[in-house]
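The values are calculated or read from the model by the stated rules, or taken from the named source; none is laboratory data. These figures come from a predicted structure and were not determined experimentally. Positions of Cβ are generated from backbone atoms using ideal geometry, with glycine treated the same way; all protein chains shown enter the neighbour counts. Quick note on the areas: whole protein, heavy atoms, side chains included, nothing else; ligands and nucleic acids left out. Shrake-Rupley method; radii C 1.70, N 1.55, O 1.52, S 1.80 Å.
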Amino acid sequence: MPCKAVNNSSRHTSPASIVASEGSHLTGAVEAAQQSGTPLLMPYEADLDLLGDHVWATGATEQIIGTAMQAALASAKVSHPLLINAGGGAPDGIEPDNEITFKTGGDGDKLIKQIEAVTGAQHNSVDSIVVSGPATQLAAVERGLQGAQPNLPVFFTPDATSPAFSDALLEADASLSSNLNTVGVDDSDAVALRTDTNGRAMASFLAAVRLVAQDGDQKTLPGDQTFATAADQADPASHDAVIALVQAAAAARSTAPSDIATALEHLRLGHAQGLAGPALDFTHPAALDERAVVALRSSDQDLGLRLQSQDSQPRLIWFAGPVTK
């Protein structure tokens, strides 16, 4: 658990920590980091309430996600969504016309009947569907929607970009080929195909991933597996969090947690400092610029930019583009 990891790191005078997960369990991790004075970076947690002294979010926060979701709905010219609450609640600023709760282990056939009852009702105003929740729950809803094919644009919350979403779809024998909509940071492999600075940064990141994956002796940072087995899921957000801590330690000329925290408070980073993804401004607890979170579409196309291991699974690629209906 992340909380345990922070406690362990404080006993070993670790200068800083990164929590590569999300969820309510992070409350303990944040408290432990603040008590020990250890800087903590969270690339995947969106809860603004967890931010504060020595704690930064380097990914999209709930407020930014909500703003981007509102923009995505507006671009599709819809404004009366049906919310399928699979565990995430309504995104900030989204006021659904109707809501269906879909619990873990819920009946997909029953869900489809509920959707049909809402959208087929007399004087129905629903013109879109928003699905919120963790990756596995989003996949369960998508599996049901593939069987129903509602004639409405469907928007998923950002956990759909997680590899766990693709894995859960495959486990449920669902298709990866649908053109799905979500919002998030545009930092997928597809960015590497561009010719701008973002493209060059992502291409450099993926080249490094391929290079390290070719060395069978290289391990992941926790040391629990070879890097080659995890290379297909190496993520720019985690990479950039590590780069930020390295830059802070270099700026502080120290490995003391308090010195690194002070350096982070004045740090602004971009591609020139080694980031693969968007710029980060640590003068704010939410370090990611809200303009980096945009509407994303999915594709099942393998771009061939990563080495594949024997255990590699097909996965969705997300790229910035207009909303599909």
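Residues that are out of contact with any Asp or Glu (no Cβ under 9 Å at 6 or more places or on another chain) and among the β-branched types (Val, Ile, Thr) were ranked within the range 259-305; the one that is least open to solvent (accessible area, probe 1.4 Å) is 260. Number of residues in the range 54-92 that are part of a loop (DSSP other than H, G, I, E, B), of a type in the set (A, V, I, L, M, F, W, C) and surrounded by fewer than 23 Cβ atoms within 10 Å (Cβ to Cβ): the value is 3. Pairs linking a residue in the range 227-256 that is more than 30 Å from residue 166 (Cβ to Cβ) to a residue that is aromatic (Phe, Trp, Tyr) and open to solvent by less than 20 Å² (accessible area, probe 1.4 Å), with Cβ atoms under 8 Å and 6 or more positions apart or on different chains, are 248/282.
When only residues in the range 165-189 that are in contact with a Leu (Cβ under 9 Å, 6 or more places away or on another chain) and of a type in the set (A, V, I, L, M) count, which is most open to solvent (accessible area, probe 1.4 Å)? Among those residues, the one meeting the criterion is 170. Applying the condition of being under 20 Å from residue 317 (Cβ atoms) and more than 20 Å from the chain's Cα centre (by Cα) to the range 204-228 and asking which residue is modelled with the lowest pLDDT yields 213. Restricting 117, 140, 148, 160 to those that are among the small types (Gly, Ala, Ser), under 30 Å from residue 236 (Cβ atoms) and open to solvent by 10 Å² or more (accessible area, probe 1.4 Å) reduces the list to 140.
In the condition set (1) under 24 Å from residue 175 (Cα atoms); (2) in a loop (DSSP other than H, G, I, E, B), residue 113 is compliant with all but (2).
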